[in-house]
Amino acid sequence: MALHGNHVAISTQKMVIEQLKKKRTADFNAEWKDLSKKITDFSPFEQFFKNESKNRYNNVYLRDETRVTLKTGEYIHASYIQSTPEGQKLIAAQAPLQTTTEEFWQMALQQKCQKIIMLCRVVEDGKIKSQQYWPKAAGETLYFEKIDVQNINVLQKIYKIGGKREVIKETKIFITDSKTKEFLHSLIHVQYENWQDFSIPAVTNPIIDLYHSHFRTNKSGSMIVHCSAGIGRTGCFVGAFFAYELFSSSQLTSVKNQMSTAKVIKKRIAAVSKLREQRVQAVQTASQYVFLHILFIDLIQPNIEEDLSQLKERFMTIAKRAAEVEKKRRQQKS
């Protein structure tokens with residue numbers, strides 16, 4: 001079933017695929033080098049430096065212009081991402097710290113958030129990646145100064161892929177006033193645990209399902225997406241769909257407005273650049289940048305009458321090789 005069959009020129013989508021077929025490792029490396037230029041101007045990050053204790057990492061910057069501001073005046077490491085043509089309002093955020101958990105929930109309440117998508121575990125390889133900021137068990141409640149956060153129920157979607165078991169957990173959350181016990185808001189907390197930090201998943205099925213089940217269906221209110229730092233896995237996830245939406249705009253509905261190959265390349269790269277203008281350092285590694293393209297292929301596949309599995313496999317090989325190189329570099333630094 002075509003996702004945007006009435007809105008996207010199919011010939012333009014085919015042009016995108018033909019352009020992607022020509023890509024090799026050197027092409028990805030050149031694009032990534034251009035995208036990942038070293039930050040030299042730190043003036044747009046004033047509030048980041050003023051609130052060091054509330055930043056999970058001291059080298060993951062937050063742009064003042066796009067940061068989420070709370071009515072309480074409290075600082076939170078979260079960025080607005082431009083709404084897509086579908087109407088979604090996105091916020092990319094770092095995982096809550098123990099000292100910022102209530103602010104995180106205040107943000108969800110203030111923004112009338114309908115979904116929170118969490119792309120990490122609380123602990124990975126013995127390192128804390130997120131505060132356990134939501135109640136895990138059905139019926140459990142976390143109590144804060146101004147609000148209470150209650151777990152109503154938990155559903156699990158199980159994927160059996162290549163002998164492995166992957167799970168997406170969906171938790172229904174109620175937020176109430178801590179003093180009056182008045183109901184304030186409800187949302188769905190979605191957690192995908194099988195995406196390790198600085199790495200890429202072995203398969204795309206659960207992530208694409210996240211898009212179909214939650215990203216595309218979130219027509220009202222906002223959505224928060226976070227991993228640990230809120231730039232790597234979060235940037236890759238949001239970036240793939242951000243790029244897809246750019247190729248699904250009304251400008252591509254007629255033959256007259258179809259793009260040249262050069263413009264296709266520029267628009268694809270521009271999707272990540274535009275994302276980084278809003279969430280600094282979004283898409284953290286070269287392997288994630290390649291994996292973003294794999295997700296993009298999965299999204300565009302329903303409109304293309306062609307088997308793209310070999311293209312995906314080739315890109316996955318490139319991504320895995322890049323991930324291995326990145327892993328060795330991290331080990332050498334540690």
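The values are calculated or read from the model by the stated rules, or taken from the named source; none is laboratory data. Treat the numbers as computed from the prediction; the structure is a model and nothing was measured. Glycine gets a Cβ as well: all are built from the backbone with ideal geometry, and neighbour counts include every protein chain shown.
Scanning the range 292-313 for residues that are in a loop (DSSP other than H, G, I, E, B) and surrounded by fewer than 17 Cβ atoms within 10 Å (Cβ to Cβ) gives ILE304, GLU305, GLU306, ASP307.
When ASP125 is tested against (1) out of contact with any helix residue (DSSP H, G or I) (no Cβ under 8 Å at 6 or more places or on another chain); (2) modelled with pLDDT of 95 or more, exactly one condition is not met: (2). A Cβ distance below 6 Å, combined with a sequence gap of six or more or placement on separate chains, defines the contacts here; from the range 120-134, residues that are part of a loop (DSSP other than H, G, I, E, B) reach residues that are among the charged types (D, E, K, R) in the pairs CYS120/LYS129; ARG121/GLU193. Scanning the range 52-81 for residues that are part of a helix (DSSP H, G or I), more than 21 Å from GLU277 (Cβ to Cβ), out of contact with any His (no Cβ under 9 Å at 6 or more places or on another chain) and not small (Gly, Ala, Ser) returns a single hit, GLU52. Residues of the range 179-197 that are under 23 Å from SER287 (Cα atoms) and in contact (Cβ under 8 Å) with a residue 60 or more places away in the chain: GLN191, TYR192, GLU193, TRP195, GLN196, ASP197. The set of residues in the range 180-227 being surrounded by fewer than 17 Cβ atoms within 10 Å (Cβ to Cβ), touching a Cys at 6+ places or on another chain (Cβ under 8 Å) and modelled with pLDDT under 90 consists of GLY221 alone. Of all residue pairs spaced 6 or more apart or on separate chains, those with beta-carbon atoms under 6 Å, a first member in the range 166-178 that is within 16 Å of ASN153 (Cβ to Cβ) and a second member that is outside any strand (DSSP E or B) are ILE168/PRO206; ILE175/LEU109.
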